[in-house]
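Just so you know, all these numbers are worked out from the coordinates, no wet-lab data involved. Please read these numbers as outputs of a predicted model, since none were measured by experiment. Cβ atoms come from the backbone with ideal geometry, glycine included; neighbour counts cover every protein chain shown.
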Amino acid sequence: MYIDICINAISQTDFGLFADDTKLLGEASASSQIQSDSDALTEKLEEWQLSPNLAKCSVVHLGRQNPMYSYKMKGIDLTKSTCEKDLGVILSLDLKPEKHIGLVVRKASNTLWLLSQSLRYLDNHSKISAYTSYVRPQLEYATIIWSPYLKKDIDRIERVQKRFVKGLQGFRNLPLL
């Protein structure tokens, strides 16, 4: 129902929908169209007694030539953001994956530490199974979007994997190359 409301309200701007998230997408030159569709969407939602959470609404301006127009919802200026988390992936203005990789490595390292403490006395097969189930998915989620291309980012991810291998019986004395 929510998606139908959004589709019917937005007429001039490209948009993306996922569950209750809506993104209006457009070129800076089409700022009046984006604002018009934003107003129409807000009006349609209120007609159905739904209201957007303005604290979660923000504007991300991409591109060097972007004039950074201000957009409003319900008469309130939307906050301008330098990076946003969308479906678990952090997107920054420069579209570099560095912030996202930092978050992924931190979460995977924390999970790896918890596993190493919890599964200390288990055999290698069980540890590998736990690593494959809990840590690797964190390292691999949405890599098609944020695929690391800088050596330093690749090294950060590989360090988590090498730390896991060093924690296995029989591999403790291997150097972290």
(Q) Positive end of the dipole of the chain, charges at C-beta (+1 Lys, Arg; -1 Asp, Glu), about the Cα centre: which of C57, H125, N110 has its Cα farthest in that direction? (A) H125
Q: State, to one decimal in nm, how far the label point of L87 lies from the label point of D39, with both points 7 Å from Cα in the Cβ direction.
A: 3.1
Q | Given charges at beta-carbon only (K, R positive; D, E negative), |dipole| of the stretch 1-87 in Debye | A | 360
Q) Using helices alone, what [θ] at 222 nm do you get for the chain, with -39,500 (n - 2.57) per DSSP H run of 4 or more residues, divided over all residues and rounded to the nearest 500? A) -14500 deg cm²/dmol
Q) Stokes-Einstein at 10 °C, 1.306 mPa s, Kirkwood radius from Cα pairs: D for the stretch 47-108 in µm² s⁻¹? A) 116
Q | Bins of 10 Å, starting at 0 and running to the largest distance - Cα pair percent for the stretch 91-158 | A | 20, 46, 25, 9, 1
Q: Go through the stretch 102-139 and name the trypsin sites (Lys or Arg not before Pro) that are in a DSSP coil and have 15 or fewer other Cβ atoms within 10 Å of their Cβ.
A: R120
Q) Which order do peptides 72-83, 7-18 fall in by mean Cβ count within 10 Å, highest first? A) 7-18, 72-83
Q) How compact and how long is the chain, expressed as Rg and Dmax of its alpha-carbon atoms in Å? A) 22.0, 66
